[in-house]
Amino acid sequence: MNEIRAKAETVLAKKLRVKTVDPTKELRELGLDSLDVVEMLLALENEFHIQFNNDELKSLKKVQDLYAALEAKVAHNK
């Protein structure tokens, strides 16, 4: 697992109060309500010093989508 995914999983696991997060799960399947998702995304934006636009947010369905989007954002900002 790369550093970005590891950091993202740490943020998700803390929010969900679990040890690991299945990347194939949909974000909604994790028991997050809309406010939880927003809080989690804000935490990730702060952690990685990035921002998602509305279209990007709408495309995030699964945990693996989130990881891929984070990796792309971080790579683009370097």
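The values are calculated or read from the model by the stated rules, or taken from the named source; none is laboratory data. If you're wondering where the values come from, they're calculated on a predicted model, not measured in any experiment. Note: ideal-geometry Cβ built from the backbone for every residue, glycine included; neighbour counts use all protein chains shown. Calculation scope for accessible area: heavy atoms of the full protein, side chains included, ligands and nucleic acids excluded. Shrake-Rupley method; radii C 1.70, N 1.55, O 1.52, S 1.80 Å.
One table, with the values for the structure above:
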quantity: Carbon and sulfur %, accessible surface of the range 6-78 computed with the full protein complex present, 1.4 Å; calculated: 50 percent
quantity: Rel. contact order, % - alpha carbon contacts under 8 angstrom, at least six apart, the chain; calculated: 38 percent
quantity: Sequence of 14, 19, 62 when ordered by accessible area, the most exposed leading, probe 1.4 angstrom; calculated: 19, 14, 62
quantity: In nm, spacing of pseudo-spin labels at residue 65 and residue 53 (7 Å Cα→C-beta vector); calculated: 1.8 nm
quantity: Reachable lysines from residue 19, criterion Cα separation under 20 angstrom, eight or more residues apart if same chain; calculated: 7, 62
quantity: Dipole magnitude (debye, nearest 20) for the chain, charges at Cβ of Lys, Arg, Asp, Glu; calculated: 200 debye
quantity: Residue 7 - accessible surface, heavy atoms, 1.4 Å probe, Å² rounded to 10; calculated: 80 Å²
quantity: Helix-only [θ]222 nm of the chain, DSSP H runs n ≥ 4, -39500 (n - 2.57) each, per residue, nearest 500; calculated: -20000 deg cm²/dmol
quantity: Cα gyration tensor of the chain - equivalent ellipsoid semi-axes, whole Å, descending; calculated: 18, 14, 12
quantity: Whole-number accessible area per residue in Å² for the chain, which is evaluated in the context of all protein chains at 1.4 Å; calculated: 67 Å²
